[in-house]
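Report on one structure; see the data block that follows.
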Amino acid sequence: MVTWSAQTLAAASTVVMLGTAGWAAWETYDAPLLAVWDRPCADPRSRPEFVAHQAHDVVVATVSARAWYPDVQLLSLRVEETLKGALPAEARVAQGLGPPPGSESLVQILEPGRRYVVSLVPAEEYGDGLVWGAVPADAGSEATPGTEEVWREAVVHPEEPPVCDDVVVVG
């Protein structure tokens, strides 16, 4: 004959009770089950076509001056060519100090004396706009289009970034 201790009987009855309660809850709960998993989303600033779609202005410009503040730098741009929008020849803009870590954004910290293709979104508190994207400008070669040509094409054929939905309803 098998004898059971009081502790073993208490543990066994607890397992049975919790199992029964769990089964009853599962069977009576009729709301959909939410399954969440990590799926990489397209960075809205990862392709020129996405940036051109969202930007108010896209220009080829040289940075002529900058002033640093804790989270932002204020810049003066000498606009050489307007690809989209209507910035003045000397524009005052702001730039946050870098994309999020691990981002594939087309954003580089602007430096005085260098030419860039710069895209901007409106931000009246910062003058003519806030830098949304920035890449060094180059003319390219016969074999490879330069960044200026790539951005001209992106302005002509912008694309809306895909919507990322990390929560999928199952059930």
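Table for the structure above
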read-out	value
Residue ID - nearest to the chain's Cα centre (by Cα), chosen from residues in segment 49-67 that are closer than 20 Å to residue 152 by Cβ and open to solvent by 50 Å² or more (accessible area, probe 1.4 Å)	54
Flag if residue 32 is at pLDDT 85 or above and out of contact with any Leu (no Cβ under 7 Å at 6 or more places or on another chain)	no
Matching entry among 135, 168 (being closer than 18 Å to residue 81 by Cβ and at pLDDT below 90)	135
Qualifying position, being farther than 19 Å from residue 81 by Cα, open to solvent by 60 Å² or more (accessible area, probe 1.4 Å) and at pLDDT 85 or above, among 104, 149, 125, 159	125
Options 72, 117; residue that is within 17 Å of residue 135 (Cβ to Cβ), at pLDDT below 95 and of a type in the set (Val, Ile, Thr)	117
Odd one out for residue 138, checked against (1) open to solvent by less than 50 Å² (accessible area, probe 1.4 Å); (2) in a loop (DSSP other than H, G, I, E, B)	(1)
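Residues checked against (1) assigned to a helix (DSSP H, G or I); (2) modelled with pLDDT of 90 or more; (3) open to solvent by 20 Å² or more (accessible area, probe 1.4 Å):
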position: 76; (1), (2), (3): no, yes, yes
position: 81; (1), (2), (3): no, yes, yes
position: 94; (1), (2), (3): no, yes, no
position: 110; (1), (2), (3): no, yes, no
position: 142; (1), (2), (3): no, no, yes
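The values are calculated or read from the model by the stated rules, or taken from the named source; none is laboratory data. Nothing here was measured: the structure is a model prediction, and the numbers come from that model. No Cβ is skipped: glycine too gets one built from the backbone with ideal geometry, and neighbour counts run over all protein chains shown. With ligands, DNA and RNA removed, areas are computed over all heavy atoms of the protein, side chains included. Shrake-Rupley method; radii C 1.70, N 1.55, O 1.52, S 1.80 Å.
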